[in-house]
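The values are calculated or read from the model by the stated rules, or taken from the named source; none is laboratory data. A quick note: this is a predicted structure, and the numbers were derived from the prediction, not measured. With ideal geometry, Cβ positions are generated from the backbone for all residues, glycine too; neighbour counts draw on all protein chains shown.
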């Protein structure tokens, strides 16, 4: 009886959330672009707690992480969404790269194995996304096979996407270069670390939500 009541509540409140326009928002991009730093920024701003651990070593995030029922309030409007932080997408993961970063061989091999599985899981999760923020490192060349592949997959699935050029607080950051690489997409510059441009990002999420709901 209690179990049936819980299922009823789940279905009932689930419908309410759908009516309000809840979307599943994914953070995708190459390793060390700043996805988890951005996820932490969003969660701290609107939930009051961080989502995951960020690191300078690539593939710190090796499992898909989810924070549900985040509500952004802006100009009298509310945006309800689940945030999905995914492992960095890479075409090659070599344990020797982790050794260069200071890990011991056994740990490096284990990390490489977990990172490979994380990439596979991240790709599988694409089909569950209503909208995606692609987080790119604005200090690096955007013309990479990984970036082109990620964005191409999103385009093929017709998933609404917003490109974010992160790390704009660094001198080497080049927003124009990222925009030139993907002229068919809107690209905004932010620093997930300092908060620069994040308020603009929150405004863009409302627009992204509208596109996502039209797609449903």
**Subset of the range 184-216 (residues that are in contact (Cβ under 8 Å) with a residue 40 or more places away in the chain and within 15 Å of residue 80 (Cβ to Cβ))** = 202, 205, 206, 208, 209, 212, 213, 216
**Asked** Of the conditions (1) under 24 Å from residue 128 (Cα atoms); (2) touching a helix residue (DSSP H, G or I) at 6+ places or on another chain (Cβ under 9 Å), residue 193 fails just one. Which one is it?
**Response** (1)
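Every residue, every condition in (1) surrounded by fewer than 19 Cβ atoms within 10 Å (Cβ to Cβ); (2) out of contact with any strand residue (DSSP E or B) (no Cβ under 6 Å at 6 or more places or on another chain), yes or no:
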| residue | (1), (2) |
| --- | --- |
| 145 | yes, yes |
| 158 | yes, yes |
| 161 | no, no |
| 187 | no, no |
| 191 | no, yes |
| 207 | yes, yes |
**Item:** Conditions (1) assigned to a strand (DSSP E or B); (2) out of contact with any helix residue (DSSP H, G or I) (no Cβ under 7 Å at 6 or more places or on another chain): number failed by residue 209
**Value:** (1)
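In the range 1-57, what count of residues is obtained for those that are in a loop (DSSP other than H, G, I, E, B) and either at pLDDT 85 or above or farther than 28 Å from residue 146 by Cβ (or both)?
Residues of the range 1-57 in a loop (DSSP other than H, G, I, E, B): 1, 20-22, 29-34, 47-57.
Then drop every residue that is not either at pLDDT 85 or above or farther than 28 Å from residue 146 by Cβ (or both), which leaves 1, 20-22, 29-34, 47-50.
Number of matching residues: 14.
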**Prompt:** So is residue 62 assigned to a loop (DSSP other than H, G, I, E, B), at pLDDT below 90 and buried (at least 17 other Cβ atoms within 10 Å of the Cβ) or not?
**Reply:** yes
